[in-house]
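**Student:** Before I ask anything, here is the structure I am working with.
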Amino acid sequence: MTKLSEVALNTLFERYQLLPNERVYHGKWSYDIGVVLQGVKEAYLQTNEKKYVNYLKETLDFYIQEDGTIKNYDFDAMNIDHINNGKLLFLLYQETGEEKYRQALDLLYLQLEKMPRTSEGGFWHKKIYPHQMWLDGLYMGAPFLAEYLLTFADGQGLTEVIKQFRLCYQHTVDAQSGLLYHAWDEKKVQFWSDPQTGCSANFWGRSMGWFMMALIDTIALIESPALTEELQTMFHRCLQALAKVRDKEKKVWYQVLDKGQQHGNYLEASASSMICYAAAKARNIGVLDESWDLFIQETYQGIIDEFVFITANGWLNLTRNCQVAGLGGADKRDGSFVYYISEPIITNDFKGYGAFLQASLLLEPLSMEGDKNGKTH
């Protein structure tokens with residue numbers, strides 16, 4: 001029987017022969033491309049098949065110029081989303097030795113060094129979102145920073161990575177439920193922020209999915225139990241909180257996590273796939289024990305039953321992904337329940353598809369050797 005990981009990869013390659021040239025992306029240095037490419041990278045680590053690394057290289061070479069500059073990337077925007085695709089450049093630099101990848105890595109690291117910060121040192125989400133930390137930003141920036149420091153600085157400065165998680169968690173966690181609010185405004189002046197806490201109003205599924213993936217990817221990179229103890233504690237607390245709001249019948253999560261019974265809320269694919277990936281990877285690297293095995297398998301099967309459809313020509317569709325959600329900006333996004341359920345719902349959004357691909361590669365590895373590899377990546 002063909003594994004869904006293989007079906008998802010084959011579908012990706014047949015649908016998108018080269019990601020940035022496709023109409024839907026217009027050649028943007030778009031962070032969601034990196035989510036899908038992380039799955040392609042994992043496929044390469046599992047199989048060592050050159051077609052996977054070639055796909056990574058062809059896609060990223062559209063952006064990475066010979067002098068290390070990045071096409072369609074805006075340094076001055078100080079947008080932490082722009083860091084995410086850089087995670088793939090470590091592998092390309094290691095595989096090819098091409099200096100342009102190192103130069104691009106240095107450029108993205110420089111952005112993090114120059115990022116505006118909260119008074120305690122937390123990265124702003126973007127320059128246009130002052131004094132704000134969003135859960136999404138931890139996925140975009142923290143694993144990259146950890147890998148850069150491990151690769152080029154002998155791991156010096158990793159406490160800075162831990163601090164980013166600590167600050168975001170402390171300021172967004174809800175003491176009663178253990179869930180995390182989407183974002184926090186240090187100044188408490190944004191129209192979407194609570195005047196007492198500075199937090200946004202709701203627990204958005206994908207924002208917690210981003211945070212969970214960020215935690216486990218960073219823990220896996222750093223490896224040291226002493227350094228990651230605090231991150232592991234956060235991970236356990238968040239997963240326990242998420243387990244309580246998982247739909248009891250369908251075994252997946254809602255767009256607004258704690259309001260499953262509220263009219264208009266819906267089961268959402270990207271958040272469910274991200275949480276599944278994070279739990280599966282945590283189990284593989286020993287952050288979770290065997291008591292979580294049924295939870296992980298039920299979740300994965302729930303995603304397949306609820307969101308995965310195979311077309312007549314054998315392509316995989318992942319349905320019911322929230323296209324995008326944020327706070328503030330030109331659209332005056334207020335973070336209300338009505339706001340989150342009103343954003344477009346689409347099929348095969350790369351944030352969801354990429355997370356599902358990554359989860360599938362952990363739970364249905366391409367090879368037995370890949371299964372062993374999964375315990376170390």
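**Student:** I'd like the FRET efficiency for Glu95 and His263, computed as 1/(1 + (r/R0)^6) with the beta carbon distance as r and R0 of 56 Å, rounded to 0.05.
**Tutor:** 0.65
**Student:** Quick one: go through segment 296-328 and flag any residue whose amide nitrogen is under 16 Å from the point 7 Å out along the Cα-to-Cβ line of Glu249.
**Tutor:** Only 302-303, 305-307 pass the distance filter.
**Student:** Can you give the accessible area per residue of the chain, in Å², using a 1.4 Å probe?
**Tutor:** Spelled out: the 1.4 Å probe surface of the chain, per residue, equals 40 Å².
**Student:** In whole percent, how big is the carbon plus sulfur part of the accessible area of segment 135-221, probe 1.4 Å, protein atoms only?
**Tutor:** Roughly 47 percent of what the probe reaches on segment 135-221 is carbon or sulfur.
**Student:** Grab the other residues whose beta carbon is less than 15 angstrom from that of Gly178, score K and R as +1, D and E as -1, and report the net.
**Tutor:** +1
**Student:** Same structure, new question: Work out how much length Ala153 to Asp305 would gain on full extension: take 0.36 nm times their residue separation and subtract the Cα-Cα distance, in nm to one decimal.
**Tutor:** That pair, Ala153 and Asp305, stretches by 50.2 nm at full extension.
**Student:** If I take every Cα pair under 8 Å that is 6 or more residues apart in segment 33-87, average their sequence separation and divide by the length, what percent do I get for the relative contact order?
**Tutor:** Computed over segment 33-87, the figure is 36 percent.
**Student:** Turning to a different aspect of this structure: Run the Debye formula on the Cα coordinates of segment 276-332, all scatterers equal and no solvent, and tell me log10 I(q)/I(0) at q = 0.24, 0.31 1/Å.
**Tutor:** Results for segment 276-332 at q = 0.24, 0.31 Å⁻¹ read -0.92, -1.16.
**Student:** How far apart, in nm, are the 7 Å Cα→Cβ label points at Asn10 and Val189?
**Tutor:** Each label point lies 7 Å from its Cα, and together they span 5.6 nm.
**Student:** Which residue, Lys248, Lys127, Lys71, has the most motion in a Gaussian network model of the chain that connects Cα atoms within less than 10 Å?
**Tutor:** Lys248
**Student:** Mind checking which lysines have their C-alpha under 16 Å from Lys57, skipping anything on the same chain fewer than 8 residues away?
**Tutor:** Leaving aside lysines fewer than 8 places away in the same chain, those within reach of Lys57 are Lys41, Lys71, Lys87, Lys100.
**Student:** In a solvent-free Debye calculation with one equal scatterer on each Cα, what is log10 I(q)/I(0) for segment 233-285 at q = 0.12, 0.14, 0.26 Å⁻¹, listed in the order of the q values?
**Tutor:** -0.27, -0.36, -1.06
**Student:** Whole number please: convex hull volume per residue, Cα atoms of segment 116-177, in Å³.
**Tutor:** Once divided by residue count, the hull of segment 116-177 is 95 Å³.
**Student:** Per the Cauchy relation, a quarter of the hull surface: what is the mean projected area of the convex hull of the alpha carbons in the chain, in nm²?
**Tutor:** Dividing the Cα hull surface by four gives the mean projection, 17.8 nm².
**Student:** Turning to a different aspect of this structure: Could you name the lysines in cross-link range of Lys332, using Cα to Cα under 25 Å and dropping any fewer than eight places away on the same chain?
**Tutor:** List returned: Lys28, Lys126, Lys127, Lys187, Lys188, Lys259, Lys351.
**Student:** How many angstrom lie between the C-alpha centres of segment 128-183 and segment 54-121?
**Tutor:** 18 Å
**Student:** Could you estimate the translational diffusion coefficient of segment 242-377 from the Stokes-Einstein equation, with Rh from the Kirkwood formula over C-alpha pairs, at 4 °C and 1.567 mPa s, in whole µm²/s?
**Tutor:** Reported coefficient: 82 µm²/s.
The values are calculated or read from the model by the stated rules, or taken from the named source; none is laboratory data. Here the structure is a predicted model, which means the values were calculated and not measured. Backbone-built Cβ (ideal geometry, glycine too); neighbour counts: all protein chains shown. Areas reflect the complete protein model, heavy atoms only, side chains present, ligands, DNA and RNA absent. Shrake-Rupley method; radii C 1.70, N 1.55, O 1.52, S 1.80 Å.
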